[in-house]
Amino acid sequence: MKPSALALLVAIASGPALAAEQPVAPYPQSDANAGAAPFKDDRVFQALHGKAGVARITADLIERLKTDSRTSDIFRAADFERLDRTLNEEFCYVAGGPCHYSGMDMKTAHKHMGLQEIHFNALVEDLEAAMTKEGVPWRVQARLLAKFATMKPEVVDASRN
Amino acid sequence: MGFSGRMAAAALAAGVALVTAGAAEAHEWQWGGKLDLTRGVANVEGAGGGGLATWALITGNETRDGIGGELSATYINLPAYSVRVFGGGVGLFDRVEATVARATFDTGATGAKLGLGRGFTFDQTILGAKVRLLGDAVYDQSTWLPQVAAGLQYKANDRGAIVRAVGADHDADVDVYIAATKILLDQSLVLSATARATRANQFGFLGFGGDRSRAYAAEFEGSAAYLLTAKLAVGAEYRSKPDNLSFAREAAAFDVFVAYALTRNLSVTAAYVDLGDIATFRGQRGAYVSLQAGF
């Protein structure tokens, strides 16, 4: 058996871990959809420990959002495959890493979710916790959080419509 | 409670019901949800702020979708005196803050030297109200515009005869202030400046106005804090005060502080304060410790 065929078999057998994203209606893709301009250099991205670190932070954040009593209901029916991919892109892109953001803009992504400030703040705190677990210094966390804080109106206010 | 008292209570209850019903209709309101430390701590007058300075942040753990509250206990140990402050407050929709504080200035052994008697205390009740006018210290990270709030403090001193005997004009008065506070997250900094119109002598413990000046003076409060983490801040504060009484000069106050959020609901502030000369006793510098519960 060729190695590629073996890999395919393993992939099929392991099931949910490699579940495909659910389809979404087409939308114009642009880095501008990320909702914040990226840092001009990659120091923040490096402090997040590159793509591997961003992947660990994102995975940990998603686990926290699933179990946080403030956010668990919101993410109950989420497409976690797509969320993981687009959050990885978002963090990597805004942190100044070599990535592009292919997700929806902040207003569209949160439309009809009925979010309140408490949910936005819960995500901020869970992201802080995930970055702290990754060993990212607070100073760097704060620089990245400053980028995301400005998205609050687009995320929360637009979600009411 | 008399008839008018019952009417007032009923009107207040109806008002609260209307406000909460309105909020519930717009969107579910809830307790809590504010980011750690973004309610500030309770200052010496029971208002949301630093230790000596008043900030534009609104007290309580609520977001704009809810109601929150705060309780605080503060102790200042000085060479000749001590100060105790117990306060409580409510925050409405991260917009309005109402606070009440009972502050005691204890002359301890110094009371005998001042001819007042050992353990003589000056007490004042402070009622405060603050409203956020514009800006958002936390979320407005892409602009220099600070959060701006305006407030009133009514202070009533229980030693009218004595504060008049040392030259003060009044035993009760109102302070008016405007505060601007900015959290610069990308610098891990919190900066705040407040302008206050006041006649208070030693925060009001020695009454209001005096033989040297009877008029309101514009005074300044400034704070700078560095966030070591999301839960730990170190900083310094300055607060200028009027100098209305000829029997004892009054100078500006300073402090250096550390504030730590022990949990989402509990924070502690420890500081070294320099309150200058108080009632002829020079160099009143000492330890400040304050515990706050926010919900």
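Scan the range B:109-146 for residues that are part of a loop (DSSP other than H, G, I, E, B) and among the aromatic types (Phe, Trp, Tyr) and jot them down. Don't jump to the end; show me each part of the working.
Keep residues of the range B:109-146 that are part of a loop (DSSP other than H, G, I, E, B), which gives B:109, B:114-120, B:135-146.
Those that are part of a loop (DSSP other than H, G, I, E, B) and among the aromatic types (Phe, Trp, Tyr): B:PHE120, B:TYR139, B:TRP144.
Do you know which of the residues in the range B:215-260 that are among the aromatic types (Phe, Trp, Tyr) and away from chain A (no Cβ under 14 Å) is farthest from B:LEU35 (Cα to Cα)?
From the range B:215-260, those among the aromatic types (Phe, Trp, Tyr) are B:216, B:220, B:226, B:238, B:247, B:254, B:257, B:260; that's our starting set.
Next, only the ones that are away from chain A (no Cβ under 14 Å) stay: B:216, B:220, B:238, B:247, B:254, B:257.
On the way: B:TYR216: 37, B:PHE220: 28, B:TYR238: 26, B:PHE247: 46, B:PHE254: 27, B:PHE257: 20 Å.
So the residue we want is B:PHE247.
Could you look through the range A:54-81, keep only residues that are free of Cβ contacts under 8 Å to residues at least 12 places away in the same chain and within 14 Å of chain B (Cβ to nearest Cβ), and pick out the one that is surrounded by the most Cβ atoms within 10 Å (Cβ to Cβ)?
My answer is A:ASP73.
Would you check which residues across the range B:109-147 are more than 20 Å from B:PHE93 (Cβ to Cβ), within 14 Å of chain A (Cβ to nearest Cβ) and among the hydroxyl-bearing types (Ser, Thr, Tyr) and list them?
Answer for the range B:109-147, where residues must be more than 20 Å from B:PHE93 (Cβ to Cβ), within 14 Å of chain A (Cβ to nearest Cβ) and among the hydroxyl-bearing types (Ser, Thr, Tyr): B:SER142, B:THR143.
B:ALA149 versus (1) touching a residue at least 40 places away in the same chain (Cβ under 8 Å); (2) in a strand (DSSP E or B); (3) surrounded by fewer than 16 Cβ atoms within 10 Å (Cβ to Cβ): which is the lone unmet condition?
Condition (3) is where B:ALA149 drops out.
Tell me which residues, restricted to the range B:262-289, are over 18 Å from the mean Cα position of the chain (by Cα) and farther than 13 Å from B:VAL83 by Cα.
The first filter runs over the range B:262-289 and keeps only residues over 18 Å from the mean Cα position of the chain (by Cα), leaving B:262-265, B:276-286.
Correct list: B:LEU262, B:THR263, B:ARG264, B:ASN265, B:GLY276, B:ASP277, B:ALA279, B:THR280, B:PHE281, B:ARG282, B:GLY283.
Can B:TYR154 be described as aromatic (Phe, Trp, Tyr) and away from chain A (no Cβ under 14 Å)?
Numbers: aromatic (Phe, Trp, Tyr): yes; away from chain A (no Cβ under 14 Å): yes.
Criteria met by B:TYR154.
When you scan the range B:150-171, how many residues do you find that are within 22 Å of the chain's Cα centre (by Cα) and not hydrophobic (A, V, I, L, M, F, W, C)?
Matching residues across the range B:150-171 total 9.
Among the candidates B:ALA224, B:ALA236, B:ALA261, B:ALA230, which residue alone is at pLDDT below 95, out of contact with any helix residue (DSSP H, G or I) (no Cβ under 9 Å at 6 or more places or on another chain), of a type in the set (Gly, Ala, Ser) and within 23 Å of A:ARG139 (Cα to Cα)? Break it down into steps so the answer makes sense when it comes.
Details: B:ALA224 fails: at pLDDT below 95; B:ALA236 fails: at pLDDT below 95; B:ALA230 fails: out of contact with any helix residue (DSSP H, G or I) (no Cβ under 9 Å at 6 or more places or on another chain).
Step by step, each of B:ALA224, B:ALA236, B:ALA261, B:ALA230 is checked, and only B:ALA261 is at pLDDT below 95, out of contact with any helix residue (DSSP H, G or I) (no Cβ under 9 Å at 6 or more places or on another chain), of a type in the set (Gly, Ala, Ser) and within 23 Å of A:ARG139 (Cα to Cα).
Does the range A:99-134 hold any residues that are in a loop (DSSP other than H, G, I, E, B) and within 13 Å of chain B (Cβ to nearest Cβ), and which are they? First the steps, then the outcome.
Of all residues in the range A:99-134, those in a loop (DSSP other than H, G, I, E, B) come to A:99-105, A:110-116, A:134.
Correct list: A:MET113, A:GLY114, A:LEU115, A:GLN116.
Taking only the range B:175-188 into account, find how many residues are within 21 Å of the chain's Cα centre (by Cα) and either surrounded by 15 or more Cβ atoms within 10 Å (Cβ to Cβ) or not in a strand (DSSP E or B) (or both). Break it down into steps so the answer makes sense when it comes.
Taking the range B:175-188 as the starting set, the residues that turn out to be within 21 Å of the chain's Cα centre (by Cα) are B:175-183.
Checking the rest, the ones that are also either surrounded by 15 or more Cβ atoms within 10 Å (Cβ to Cβ) or not in a strand (DSSP E or B) (or both) come to B:175, B:177-183.
The qualifying residues number 8.
Looking at A:LYS51, is it among the basic types (Lys, Arg) and touching a helix residue (DSSP H, G or I) at 6+ places or on another chain (Cβ under 8 Å)? So that I can check it myself, show each step before the final result.
Values: among the basic types (Lys, Arg): yes; touching a helix residue (DSSP H, G or I) at 6+ places or on another chain (Cβ under 8 Å): yes.
The answer is yes for A:LYS51.
Return the residues of the range B:78-93 that are β-branched (Val, Ile, Thr) and under 14 Å from B:ALA47 (Cα atoms); say none if nothing qualifies. Reasoning before the result, please.
Just the residues of the range B:78-93 that are β-branched (Val, Ile, Thr), to begin with: B:83, B:85, B:90.
Once the filter is applied, which keeps residues that are β-branched (Val, Ile, Thr) and under 14 Å from B:ALA47 (Cα atoms), the range B:78-93 yields B:VAL85, B:VAL90.
Given (1) under 27 Å from B:GLN147 (Cβ atoms); (2) outside any strand (DSSP E or B), identify the lone condition not met by B:GLY276.
Checking B:GLY276 against (1) under 27 Å from B:GLN147 (Cβ atoms); (2) outside any strand (DSSP E or B), the one that fails is (1).
Restricting attention to the range A:1-49, which residues are at pLDDT 55 or above, more than 19 Å from the chain's Cα centre (by Cα) and surrounded by 11 or more Cβ atoms within 10 Å (Cβ to Cβ)?
A:ARG43
Sort through B:GLY50, B:GLY33, B:GLY68 and tell me the only one that's without any contact (Cβ under 8 Å) to a residue 40 or more places away in the chain and closer than 29 Å to A:PHE120 by Cβ. Give the derivation first.
On the way: B:GLY50 fails: without any contact (Cβ under 8 Å) to a residue 40 or more places away in the chain; B:GLY68 fails: without any contact (Cβ under 8 Å) to a residue 40 or more places away in the chain.
When all the criteria are applied, what remains is B:GLY33.
Filter the range A:82-111 down to residues that are among the charged types (D, E, K, R) and in contact (Cβ under 8 Å) with a residue 60 or more places away in the chain and give me whichever is surrounded by the most Cβ atoms within 10 Å (Cβ to Cβ).
Of the residues in the range A:82-111, the ones among the charged types (D, E, K, R) are A:82, A:84-85, A:89-90, A:105, A:107, A:111.
Remaining after also requiring in contact (Cβ under 8 Å) with a residue 60 or more places away in the chain: A:82, A:85, A:105.
Details: A:ARG82: 16, A:ARG85: 15, A:ASP105: 19.
Per the criteria, the residue is A:ASP105.
With the requirement that a residue be among the aromatic types (Phe, Trp, Tyr) and out of contact with any Lys or Arg (no Cβ under 7 Å at 6 or more places or on another chain), what does the range B:120-150 give you?
Initially, the range B:120-150 is screened for residues among the aromatic types (Phe, Trp, Tyr), giving B:120, B:122, B:139, B:144.
B:PHE120, B:TRP144 - these are the residues of the range B:120-150 that are among the aromatic types (Phe, Trp, Tyr) and out of contact with any Lys or Arg (no Cβ under 7 Å at 6 or more places or on another chain).
Output the residues belonging to the range A:143-161 that are facing chain B (nearest Cβ under 8 Å) and either under 20 Å from A:LYS107 (Cα atoms) or modelled with pLDDT under 95 (or both). Spell out the reasoning first.
The first filter runs over the range A:143-161 and keeps only residues facing chain B (nearest Cβ under 8 Å), leaving A:143, A:145-147, A:149-150, A:152-153, A:160.
Within the range A:143-161, A:LEU145, A:ALA146, A:LYS147, A:ALA149, A:THR150, A:LYS152, A:PRO153, A:ARG160 meet the criteria.
The values are calculated or read from the model by the stated rules, or taken from the named source; none is laboratory data. Just so you know, these numbers come straight off a predicted model, no measurement behind them. Neighbour counts run over all protein chains shown; Cβ positions are idealised from the backbone, glycine included.
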